[in-house]
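Accompanying notes for the structure given below.
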Amino acid sequence: MTRFPSRIVCLTEETTETLYLLGEGDRVVGVSGYTVRPPEARRKPRVSAFISARFDKILALEPDLVLAFSDLQADLGAELVRRGVAVVTFNQRSVAEILQMIRMLGGLVGRQDAAEALADRLSGGLDDIRTSAARLPRRLRTFFEEWDEPLISGIRWVEELVAIAGGEPIFPELNEARLARDRIVDPQEVARRNPEIVFASWCGKRVNQERIRRRGGWEEVGAVRDGRIFELKSTYILQPGPASLTDGVRQMHAILTRETAAASPAG
């Protein structure tokens with residue numbers, strides 16, 4: 001038996017991406033069907049969706065570790081444990097917890113130093129964006145919606161990244177709400193808070209901007225009136241891993257920088 005796991009199945013994308021960034025992609029023997037990053041990981045056997053999995057296919061891969069995420073995959077993890085598989089389930093919901101997950105995963109595979117370096121590099125990149133955002137003339141009131149019906153506001157790491165990128169989240173009181181059902185918001189309350197910009201990422205389906213614009217009472221919402229509705233692909237922002245801390249936050253910062261300049265008196 002090797003000292004560290006050598007046949008790893010990842011039921012979500014962020015652990016797959018992290019292992020590849022650590023130079024350990026060869027250890028990954030199975031991935032989620034939703035895996036996009038890195039592209040070469042899509043050649044691995046696909047063994048799961050988000051809340052379902054092919055247990056027979058996973059067992060056939062003879063994994064010595066399965067990595068899962070959150071309460072939504074708790075039943076999958078429990079079933080695999082009953083079948084004799086070692087399972088680690090992460091539950092990162094904030095930027096700090098994402099960085100901690102990366103460090104913990106490095107320890108699990110014997111690459112602690114590389115994981116520390118990766119986490120430090122990602123943290124430094126966020127500091128650079130935070131510094132750049134501090135130079136913006138003001139912060140646009142920002143609504144991030146991660147689902148449309150019911151309307152769900154962004155999870156904690158997303159809202160933290162909005163703030164790092166230069167926006168002002170309009171539902172700061174939801175910061176500690178870990179479950180999606182606790183982040184359901186009334187469309188009329190969103191309209192009352194009058195976001196100046198809307199980011200939308202509907203977790204695997206295309207955003208329908210016209211549907212957003214036609215919501216009752218939203219015609220006078222600043223973001224709708226001024227045409228500031230922007231789609232972000234879920235793989236870049238709704239995965240609590242390296243993608244969100246790089247591409248996701250950078251995309252938001254670029255948009256906020258441009259739109260804040262346009263909205264300012266000098267713009």
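The values are calculated or read from the model by the stated rules, or taken from the named source; none is laboratory data. Just so it is clear, the structure is predicted and the values come from calculations on it, not from any experiment. A quick note on method: Cβ atoms are made from the backbone with ideal geometry, for glycine too, and the neighbour counts reach across all protein chains shown. For the accessible areas, the whole protein counts, side chains as well, though only heavy atoms, and no ligand, DNA or RNA atoms are used. Shrake-Rupley method; radii C 1.70, N 1.55, O 1.52, S 1.80 Å.
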task: Considering only the range 252-267, state which residues are surrounded by fewer than 19 Cβ atoms within 10 Å (Cβ to Cβ) and modelled with pLDDT of 95 or more.
output: ALA254, THR257, ARG258
field: Selection status of LEU108, under 19 Å from the mean Cα position of the chain (by Cα) and of a type in the set (A, V, I, L, M)
entry: no
- request: Being in contact with a Lys or Arg (Cβ under 9 Å, 6 or more places away or on another chain) and either part of a loop (DSSP other than H, G, I, E, B) or under 16 Å from LEU105 (Cβ atoms) (or both) is the filter here, so list the residues in the range 35-61 that pass it.
  value: THR35, VAL36, PRO45, ARG54, LEU61
- request: Kindly indicate whether ILE184 is under 22 Å from GLU97 (Cα atoms) and either out of contact with any Lys or Arg (no Cβ under 9 Å at 6 or more places or on another chain) or among the β-branched types (Val, Ile, Thr) (or both).
  value: no
message: I'd like to check which strands (runs of 3 or more DSSP E) are fully inside the range 114-213 and have at least 1 residues that are open to solvent by 50 Å² or more (accessible area, probe 1.4 Å), touching a residue at least 40 places away in the same chain (Cβ under 8 Å) and closer than 29 Å to TYR34 by Cα.
response: 140-147
query: Failed condition for SER6, given (1) in a helix (DSSP H, G or I); (2) open to solvent by 40 Å² or more (accessible area, probe 1.4 Å); (3) not acidic (Asp, Glu), with all others met?
result: (1)
task: Could you please find all residues in the range 42-77 being surrounded by fewer than 20 Cβ atoms within 10 Å (Cβ to Cβ), over 19 Å from LEU179 (Cβ atoms) and in contact with an Asp or Glu (Cβ under 9 Å, 6 or more places away or on another chain)?
output: PHE55
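Quick one: in the range 190-206, which of the residues that are modelled with pLDDT of 95 or more and farther than 16 Å from GLU168 by Cβ is farthest from the chain's Cα centre (by Cα)?
The extreme case among them is ALA191.
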- prompt: Would a scan of the range 25-33 turn up a residue that is open to solvent by 70 Å² or more (accessible area, probe 1.4 Å) and either in contact (Cβ under 8 Å) with a residue 12 or more places away in the chain or of a type in the set (Gly, Ala, Ser) (or both)?
  reply: no
statement: Within the range 9-24, the residues that are free of Cβ contacts under 8 Å to residues at least 40 places away in the same chain and either within 13 Å of GLY106 (Cβ to Cβ) or open to solvent by 10 Å² or more (accessible area, probe 1.4 Å) (or both) are TYR20
